Amino acid sequence: MELDATFWAFIALVIFVGLMFWLKVPATIAASLDSRSDKIRSELEEARRLREEAQELLAEYQRRRKAAEAEASDIISHAKHEAELITRDAAAKTEEFVARRAALAEQKIAQAETQALSEVKASAVDLAISAAEKIIAAKATGSTADQIIASSIGEVKSRLN
């Protein structure tokens, strides 16, 4: 019997496969694949957990953003209300100030009118007295002048008391 190269290749293959099983290479490969599979599974679980945490954080930040937007809206509406109140108050104070200034101006005008009237009356009285003096001096002589002076002094005394 002649042994050819195919036979020796077959024998080498059987020895190689036998050696592989004897050295427990398939078990080592299976264990390596199992450990790799477990590692991938744990990484997937970690990724899933991280994804859930990220979604929770996103939801929390969205709630905070909505709360902040609502608070900002409240602050803006409160500020607008305060500005409106301040504007109304300023307008009322301005109106009151203008009214007081107008009343004060009217009062000063009335005082000026009264003072001018008093000065005109005083000037008229002085002018009348001066004219009366001249007329009396020209017409009154002696006893008539003494009588007029005495009656005038009596009249002044009665008006002063």
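Values in this text are rule-based calculations from the coordinates and carry no lab data. Here the structure is a predicted model, which means the values were calculated and not measured. As a convention, Cβ positions derive from the backbone with ideal geometry for all residues, glycine included, and neighbour counts pool all protein chains shown.
Give me the extension gain from R65 to K39: residue separation times 0.36 nm, minus the current Cα-Cα distance, reported in nm with one decimal.
Gain in length upon complete extension: 5.6 nm.
The phi torsions of segment 79-93, fed into the Karplus equation with coefficients 6.51, -1.76 and 1.60 and a -60° offset, translate into couplings of 5, 5, 4, 4, 5, 5, 5, 5, 5, 4, 5, 5, 5, 5, 5 Hz, rounded to whole numbers, with Gly and Pro shown as x.
The angle separating the long axis of helix 143-160 from the principal Cα axis of greatest extent in the chain is about 30 degrees. Annotation for segment 1-100: GluC sites (Glu not before Pro) lying in DSSP loop with at most 16 further Cβ atoms inside 10 Å of their Cβ are E2.
Rounded to the nearest 500, what is the chain's calculated 222 nm mean residue ellipticity when only DSSP H runs of at least 4 contribute -39500 (n - 2.57) each, over all residues?
-35000 deg cm²/dmol
Of the options [x] 30.4; [y] 17.9; [z] 15.3, only one is Kirkwood radius over Cα pairs in Å as computed from these coordinates, and that is [x]. The simple Förster model, with R0 at 41 Å and r as the Cβ-Cβ distance, assigns L57 and V17 a FRET efficiency of 0.15.
In this calculation the C-beta distance from T144 to I109 is compared with R0 = 45 Å, giving a FRET efficiency of 0.45.
The magnitude of the dipole of segment 5-160, with charges of +1 and -1 set on the Cβ of Lys/Arg and Asp/Glu and taken from the Cα centre, is near 200 debye. Local charge sum around A54 (other residues, Cβ-Cβ under 14 Å, Lys/Arg +1, Asp/Glu -1)? Local net charge: -2. Backbone geometry of segment 113-120 corresponds, through the Karplus equation with coefficients 6.51, -1.76 and 1.60 at θ = phi - 60°, to 3J(HN,Hα) couplings of 4, 4, 5, 5, 4, 4, 5, 5 Hz, x marking Gly and Pro.
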